[in-house]
Amino acid sequence: MKKLYFITGNMGKLAEIQERVKTLDIKVIQKDLGYPEIQVENLEDVAEYGVKHIQKQFNEPFILEDAGLFIDDLDGFPGVYSKYVFYTIGLKGILKLMENTTKRSALFRSVYAYAEPNSKPILFVGECKGTITIKERGTGGFGYDPIFVPEGESKTFAEMSREEKNRYSHRGKAVDELLDFLKK
Ligand code: ITT
């Protein structure tokens, strides 16, 4: 069985990729090494910086991911600041900022980096369009899941099973690309 180290402290992300590979010959192993999330404009740069930081201390192939929610009415906020915003103003703060708007479209993005020792990473990007709800709904998932409904659905990510969320989500798509690459 192929081992794939995943550098993350986020148990929700870990559970989602583990669900996706459960029928494959791949075992995803968490390594919570931590890396600084630099203040830049896009997720790709955050992921690449993270890879360089980890390569200095870890000598095996690994993956890491940077993800974020980009809300149109808020000009792409919280975007690259999604983690900080989640732990500060949280979902209630986001819903309050959007109290008076009917423009509720948003985009979830996920950037996976696959890196081998001493090599540049290969990036895999997944996106999921959707809308921001008026109220929080559901108890599954993590992060912004209770306020995000993917396009073509009526349930929030937090009202879906992991398997169902993977079918629609930014992460599901990025992981599928990564798995296609690893198969070759
Ligand atoms: P790492 O250790 O893997 O970096 P993290 O929690 O720092 O995990 P990110 O910076 O990639 O994760 O993501 C920023 C935030 O965006 C994260 O804390 C969540 O609140 C949110 N987020 C990411 N993916 C999400 C998803 O699928 N559903 C809901 N919220 C998500």
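Just so it is clear, none of the values below were taken in a lab; they were calculated from the coordinates. This is a predicted model, so every value here is computed, not measured. All Cβ positions, even for glycine, are placed from backbone atoms using ideal geometry, and neighbour counts span all protein chains on display.
Brief remarks follow.
- Take the conditions (1) touching a strand residue (DSSP E or B) at 6+ places or on another chain (Cβ under 9 Å); (2) within 25 Å of Ile147 (Cα to Cα); (3) crowded, with 19+ Cβ neighbours inside 10 Å; Gly79 misses just one of them, which is (3).
- Condition broken by Asp45, with the remaining ones in (1) in a helix (DSSP H, G or I); (2) over 20 Å from His170 (Cβ atoms); (3) charged (D, E, K, R) satisfied: (2)
- Per the listing Glu127, Glu99, Glu116, the residue uniquely of a type in the set (Asp, Glu), within 20 Å of Ala174 (Cα to Cα) and out of contact with any Pro (no Cβ under 7 Å at 6 or more places or on another chain) is Glu127.
- Condition check for Lys52: on the phi < 0 side of the Ramachandran plot, basic (Lys, Arg) and assigned to a strand (DSSP E or B): no
- Selection from the range 146-184 of residues that are without any contact (Cβ under 8 Å) to a residue 24 or more places away in the chain and charged (D, E, K, R): Glu151, Glu153, Lys155, Glu159, Glu164, Arg167, Asp180, Lys183, Lys184
- Residue count for the range 126-154 satisfying the condition of being outside any loop (DSSP other than H, G, I, E, B) and within 13 Å of the ligand (Cβ to nearest atom): 11.
- Subset of the range 7-30 [crowded, with 16+ Cβ neighbours inside 10 Å and over 22 Å from Tyr144 (Cβ atoms)]: Val21, Ile26, Val28
- Pair list, Cβ < 8 Å and 6+ apart or interchain, from the range 115-128 residues that are over 13 Å from Val51 (Cβ atoms) to residues that are among the polar types (S, T, N, Q): Val125/Ser110; Gly126/Ser110; Gly126/Ser169; Glu127/Ser110; Cys128/Ser169
- Some residue of the range 152-161 being surrounded by fewer than 15 Cβ atoms within 10 Å (Cβ to Cβ) and either closer than 20 Å to Ala15 by Cα or touching a helix residue (DSSP H, G or I) at 6+ places or on another chain (Cβ under 7 Å) (or both): yes
- Taking every residue in the range 75-86 that is touching a residue at least 12 places away in the same chain (Cβ under 8 Å) and under 15 Å from Glu44 (Cα atoms) and pairing it with any residue that is of a type outside the set (Phe, Trp, Tyr) and more than 8 Å from the ligand (Cβ to nearest atom), at least 6 positions away or on another chain, the pairs with Cβ-Cβ distances below 8 Å are Val80/Gln39; Val80/Val40; Val80/Glu41; Val80/Asn42.
- Condition check for Arg171: of a type in the set (D, E, K, R), crowded, with 21+ Cβ neighbours inside 10 Å and in a strand (DSSP E or B): no
- Output for the range 1-41, where each listed residue is more than 8 Å from the ligand (Cβ to nearest atom), among the polar types (S, T, N, Q) and out of contact with any strand residue (DSSP E or B) (no Cβ under 8 Å at 6 or more places or on another chain): Thr23, Gln39
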